Amino acid sequence: MKIQTPSLVKNCLRVTQIGFLFAAVLTFGARLHVASAASWSGTSSISPALQPDPRGGPQQNDVAVNAYGDTIAAWDQYNFYTPVSASIGVATQSGGRWSSPFTISGNTTGFAMTPKVAIGADGTKAVSWIYQPDAYTPISIQVAVKPPVPMSVWTTYTLANFMPGGVSITRSVPVAIDASGNVTAAWNVWDGTRNVVQAATLPSGSNTWSATSTVSDQGHDGLYFSLAVNARGDAAVAYSLSPYTTYSTGTAAYYVSRNGPDGSWSRPVQISETLMSWVGYVTNPLVALDKPINPDTPALATVIYMGSGGLMATRENSSGSWTPPQAIVNSCQVDPPIMSCSGSSYMSPDLAVDEAGNALVAISIFDSTVNVDRSSVYVTRHDSSGTWTPVQRLTDPSVPVDAYATRVAVSPDGSLKMVGWIDHYHGTAQVAQWNGSVWNTATIGQGTAFASYLEVLSLDVGSGTVGRAIWKNSSSKKGIKIMATSYR
C-alpha cells in the first residue's frame, strides 16, 4: 500500500482526516515492526564502506552460524584504485555483538576472491579463498582456521598451487566443520589437461592438514563441484564433467564419499543422466548429507543439479544405490505457467537437508515473456514419505517482484526452514519461513546492488531458533556495505 502524501494535500483533506490517516499508517507500521522484531533483528553494517561506485563492490559473500549464535561472515572487497586489487573481509559475531571487520587474506596487491566460511559446534572457524598475484602467476588455494581456544589466532594455510589454464571459471573452496572441530576443504586445480577435484582435512587441535586426496576420477575434468560434511564427520563431494572437454563422451554428475573424518574417499559413482553437447549439459551439482541416528548406519546423500528436465534431484538409498534422477522444478510445468518457458533462465539453485534427510530446494527462474521480464522464486520440499512436494511460487506473480540470489537453510532438527532472496525491483532482502503449513515472508533489510546480476545474499541457520543473513547494500552514498541481521 502506498500513501501519496502530495495528493492528499492537493485534494485539500481536512487536518483531522490527515491526522487520522497518518496515525493509522504509524500504527500499521508499528505492528509490522513488532511482527518483524519478534523474528529478525534490525540490520547492522558489518563491513567498512567498500567501493563507492554502486556498479561494483563485493561479488560474493558467505555466512555460517552455529547453535549458540556464534557467526562468521566473509566477503570479497575490491579496490578499484591503483594498484587494483581484491581482498577478503571478515566479521565475527559472539554474544550478539559483531566484531570490527578485518582483512583476513593479508594481501595488498593481487586478487583474493570467492570467500567461503564455516563454523563448528565447538566454535572452530574457517575461511577459504583463492589468491592470484597477477594474471601470469599461479593461483593459490588458501584456508584460514581459528580454533576455539581462548586467545587463539588465525592461521592461514596454502593447500595447493597451480597455473590456470583451459576454460576460465570462477573457482571457490567450500569448507565444512564437523561437531568435533575437524575442518574439511575441497577445491579443483588445473593440471595442464583437466580440472582435478581434491580434498583435505585439518584434524581438530592440529596444525597439519592430511595428505591431499584426488576425489575425481583420474580421467575426469571436474569443473563444477560441491562439498557436504555432517556432524559426525562423514563427507561427500558431487561434481560434474566439464562440458568443454567432453563433447565426445557427454556430461554427467558424479558422487564420492568418505566415512568419518579419517576415512578414505570412495570411487566416483555416476548419479545422473548423460547429456551430449548437442542436447545440453549436466552442471552445478549440490550435495547435502543427513546424520543417521545409528552410528553403524552410513550417511545418505541428496544431490540436485541442472540437467535434462530442468532442476533434477536424486537420493541415495540405504543399499548404496541411487533413485532415478527426477525433474523437481521445470519452468514449463510450474503453476502459474511461464508462457515463454523455453526461453526462461534458471538461476541460483540451492539445497539444504536436515539430519533426517528431509530436503528443501529453491531456485529463481527468469520469465522472458514479453511485458513480464522478471524472476520469481520457486520452492519444493522432499518430505518424509520420500516424494517431492509440488513446486510452489513464493513471490507474488501479481506484483513486479524481480527475485535473485536464492538461498535456503534448514536447522539440523528440521524445525526451522527458510528461503531467502533479493527483490531487485523493490530493493529489499526477503526471507520466507515455513510454519508447517504455509510460507510466511518478511522483509529483513533494504538496499541492493546496482544490477540484478550483482545481487549477493547468504543465509544460514544453526538451530530451530538461530539464523543469520547477510547481503550487499549499495544504497549508501558513502559506499557499498555488507549488511547483516539475526533471527531471534
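Please enumerate the residues belonging to the range 61-107 that are among the aromatic types (Phe, Trp, Tyr), surrounded by 14 or more Cβ atoms within 10 Å (Cβ to Cβ), within 14 Å of ILE46 (Cα to Cα) and over 16 Å from the mean Cα position of the chain (by Cα). Correct list: TRP98 only.
Screening SER475, SER463 for residues that are surrounded by fewer than 23 Cβ atoms within 10 Å (Cβ to Cβ), more than 20 Å from ALA49 (Cα to Cα) and of a type in the set (S, T, N, Q) leaves exactly one candidate, SER463. Output yes when any residue across the range 111-129 is part of a loop (DSSP other than H, G, I, E, B) and either more than 19 Å from ASN230 (Cβ to Cβ) or within 17 Å of the chain's Cα centre (by Cα) (or both), and no when none is. Checked the range 111-129: no residue is part of a loop (DSSP other than H, G, I, E, B) and either more than 19 Å from ASN230 (Cβ to Cβ) or within 17 Å of the chain's Cα centre (by Cα) (or both). Which number in (1) part of a strand (DSSP E or B); (2) within 24 Å of the chain's Cα centre (by Cα) marks the one condition that ASN161 misses? With respect to (1) part of a strand (DSSP E or B); (2) within 24 Å of the chain's Cα centre (by Cα), ASN161 is out only on (2).
Looking at (1) in a strand (DSSP E or B); (2) modelled with pLDDT of 95 or more; (3) under 27 Å from PHE225 (Cα atoms), find the lone condition where ALA86 falls short. Failing condition for ALA86: (2). TRP209 falls short on exactly one of the conditions (1) over 15 Å from SER128 (Cα atoms); (2) surrounded by 15 or more Cβ atoms within 10 Å (Cβ to Cβ), and that condition is (1). With respect to ASP350, determine if the residue is at pLDDT below 95 and charged (D, E, K, R). No: the conditions fail for ASP350. Filtering THR369, THR302 for residues that are at pLDDT 90 or above and not charged (D, E, K, R) leaves a single hit, THR302.
Residue-wise test of (1) assigned to a loop (DSSP other than H, G, I, E, B); (2) not aliphatic (A, V, I, L, M).
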position	(1), (2)
SER257	no, yes
GLY263	yes, yes
SER277	yes, yes
ALA288	no, no
PRO292	yes, yes
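Taking the conditions (1) touching a residue at least 12 places away in the same chain (Cβ under 8 Å); (2) assigned to a loop (DSSP other than H, G, I, E, B) in turn, SER140 satisfies each one other than (2). Among all positions in the range 32-49, there is at least one residue which is surrounded by 13 or more Cβ atoms within 10 Å (Cβ to Cβ), touching a strand residue (DSSP E or B) at 6+ places or on another chain (Cβ under 6 Å) and modelled with pLDDT under 50. Quick check: is even one residue across the range 257-273 under 24 Å from the mean Cα position of the chain (by Cα) and either under 23 Å from ALA409 (Cα atoms) or surrounded by fewer than 17 Cβ atoms within 10 Å (Cβ to Cβ) (or both)? Yes, the conditions are met somewhere in the range 257-273.
Any residue that is under 27 Å from VAL431 (Cα atoms), among the aromatic types (Phe, Trp, Tyr), modelled with pLDDT of 95 or more and in contact with a Gly (Cβ under 6 Å, 6 or more places away or on another chain) - is there at least one of those in the range 66-75? The answer is yes; a qualifying residue exists. Among the residues that make up the range 145-167, is at least one of them out of contact with any His (no Cβ under 8 Å at 6 or more places or on another chain), farther than 18 Å from GLY205 by Cβ and among the basic types (Lys, Arg)? No, the range 145-167 contains no residue that is out of contact with any His (no Cβ under 8 Å at 6 or more places or on another chain), farther than 18 Å from GLY205 by Cβ and among the basic types (Lys, Arg).
Checked against (1) in contact with a His (Cβ under 7 Å, 6 or more places away or on another chain); (2) under 22 Å from ALA356 (Cβ atoms), LEU241 passes all but a single condition, namely (2).
Every residue, every condition in (1) over 23 Å from ASN61 (Cα atoms); (2) crowded, with 22+ Cβ neighbours inside 10 Å; (3) hydroxyl-bearing (Ser, Thr, Tyr), yes or no:
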| position | (1), (2), (3) |
| --- | --- |
| GLY166 | yes, no, no |
| VAL183 | no, yes, no |
| ASN195 | yes, yes, no |
| ASP221 | yes, yes, no |
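Just to be sure before I move on: is THR170 in a strand (DSSP E or B), in contact with a strand residue (DSSP E or B) (Cβ under 7 Å, 6 or more places away or on another chain) and more than 23 Å from ASN207 (Cβ to Cβ) in the structure I sent? Answer is no for this residue.
The values are calculated or read from the model by the stated rules, or taken from the named source; none is laboratory data. Since the structure is predicted, the reported quantities are computational estimates derived from the model, not experimental observations. All Cβ positions, even for glycine, are placed from backbone atoms using ideal geometry, and neighbour counts span all protein chains on display.
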